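The values are calculated or read from the model by the stated rules, or taken from the named source; none is laboratory data. Only a predicted model underlies this, so the values are computations on that prediction, with no experimental measurement involved. Every residue, glycine as well, gets a Cβ built from its backbone with ideal geometry; the counts of neighbours run over all protein chains shown.
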Amino acid sequence: MNVSHYAPSYLRVVRYNEALDLLSHRETLCGILRRTESLREKVHISRQDALLSEVKAVLKSAAHSSKHGLKQRSLTSASYLSTLVPICEQQNIHIGAASQLELASTLWDQDEVVASTKMLQTLSASKDLSGQSVHVGRSGILAQLVCLPCHVLYCG
């Protein structure tokens, strides 16, 4: 099974399990770069760029896991992302909304509709979505909330 056409080009030509391995290695590499100043200096990347790359790698892994129904792996990614929020804030990188959206989506996928809905409602009312370092669109949040009756009717 190939990954969707939205995936990076290197993931379009590999099998499902290989894609999971590549995404996991990408997360690990970005995490090591974030934590190791000497490596960052050798590859000429700032701590902020390494951190943002790690966040994006975790988001990509979470999306891939969710797409393929790997609920525990998706939850692990969402939990790890939430641990990166305070580290990011120290570097003036704002990912709180992306972290909350990922957790809400993960809970939604695990049929935790009430908790997910509350998180999505809180996010949709947030005034600082435009100040986030990782784009979170209010329209996407609202679309997920509108799908709640569909989810309850067809899946509940």
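Tabulated values for the structure
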{"read-out": "Matching residues, the stretch 88-103, being in a helix (DSSP H, G or I) and surrounded by fewer than 16 Cβ atoms within 10 Å (Cβ to Cβ)", "value": "E89, Q90"}
{"read-out": "Only listed residue being closer than 25 Å to L101 by Cβ, modelled with pLDDT of 85 or more and loosely packed, with under 13 Cβ neighbours inside 10 Å, chosen from G31, G69", "value": "G69"}
{"read-out": "Cβ pairs under 7 Å, 6+ apart, first in the stretch 104-123 and outside any helix (DSSP H, G or I), second among the small types (G, A, S) and modelled with pLDDT under 90", "value": "none"}
{"read-out": "Selection within the stretch 56-83 - in contact with a helix residue (DSSP H, G or I) (Cβ under 6 Å, 6 or more places away or on another chain) and among the hydrophobic types (A, V, I, L, M, F, W, C)", "value": "A57, V58, A62, L75, A78, L81"}
{"read-out": "Top-ranked residue in the stretch 105-156 [being in contact with a helix residue (DSSP H, G or I) (Cβ under 8 Å, 6 or more places away or on another chain), of a type in the set (D, E, K, R) and exposed (fewer than 13 other Cβ atoms within 10 Å of the Cβ); ranked as modelled with the lowest pLDDT]", "value": "D128"}
